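Here is the structure we will look at.
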Amino acid sequence: MQSILLGVDRLSAFVGKLFAWAILLMVVLITYEVFMRYVLRAPTAWAYDMGYMLYGAIFIMAGAYALSTAAHVRGDVIYRLWRPRAQATIDLLLYLVFFFPAIIAMVYAGYHFAEFSWRIGERSSSGPGGPPVYHFKTLIPLAAAFLFIQGLAEVVRCILCLRDGRWPPRLSDVQEVDVEAAKRMLEDAELDTTLSSGGTPR
């Protein structure tokens, strides 16, 4: 089971990191637009649209990757104080009540949204000759599908944690320096509190 969970994590990480390369495309695009606008005095009619589409693609396609690394926002100030089984119980309840209904709706609505966009050959309405947007709208149900798959893996993790009393390991990945520093500060503070109260470190 653990190999399957890590396989889903690897899939989410691959998709997220693949779309992260769009950042470089955005840099090239913005540099080109600045040169055309301020040096040649001939701004493009499509750079703005391409910029927000690339940014949107990065944002939505990184969702499953963020979920696989537990990087989504949560109330860690309270959550981290709970025992693993309590964390898993709350997580499982939230996945079943909120996460999956929203993701299923996103897959369903996103598919019809994208299908209609392809059918009419939709283009950006921000200006004449705007770029096509149907390929971008296709990413909506696709991103939701990856989130759904990763969500299934997270539900299995919750069930395993309820059974074993500890969270199964995740695929390790690079962490920001300030995140690691914050974790060390919290661990040191907990150790100081335990020692000052005459207890033994966990």
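Every number in this text was worked out from the coordinates using simple rules, so none of it is lab data. The structure presented is a predicted model; accordingly, all values stated were derived computationally and were not measured. Ideal geometry is used to build each Cβ from the backbone, glycine not excepted, and the neighbour counts take in all protein chains shown.
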Loop-resident trypsin sites (Lys or Arg not before Pro) in segment 126-172 with no more than 16 other Cβ atoms inside 10 Å, DSSP not H/G/I/E/B, are ARG166, ARG170
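Determine the gain in length on full extension of the stretch ASP188-THR31; use 0.36 nm per residue of separation and subtract their C-alpha separation, reporting nm with one decimal.
Details: separation 157, 0.36 × 157 = 56.52 nm, distance 4.50 nm.
Residue separation times 0.36 nm, minus the Cα-Cα distance, leaves 52.0 nm.
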Modelled FRET efficiency - R0 30 Å, ALA45 with HIS112, Cβ distances, 0.05 increments:
0.55
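Between ARG74 and ALA20, what FRET efficiency follows from the Cβ-Cβ distance if R0 is 22 Å, with the result rounded to 0.05? Kindly include the intermediate steps, with their values, before the conclusion.
On the way: r = 23 Å, r/R0 = 1.03.
So, using R0 = 22 Å, E works out to roughly 0.45.
What FRET efficiency comes out for LEU94 versus ARG163 if R0 is 22 angstrom and r is the Cβ-Cβ distance? Round to the nearest 0.05.
For R0 = 22 Å, the calculated efficiency reads 0.70.
What is the packing order of peptides 3-11, 68-76, taking the mean over residues of other C-beta atoms within 10 Å and listing the highest first?
Values: 3-11: 15.6, 68-76: 13.1.
Ranked from most to least packed, the peptides come out as 3-11, 68-76.
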With +1 on each Lys and Arg Cβ and -1 on each Asp and Glu Cβ, how big is the dipole of the chain about its Cα centre, in debye rounded to the nearest 20?
340
Restricting to DSSP H runs of at least four residues, report the calculated mean residue ellipticity at 222 nm for the chain, -39500 (n - 2.57) per run over all residues, nearest 500 deg cm²/dmol.
-23500 deg cm²/dmol
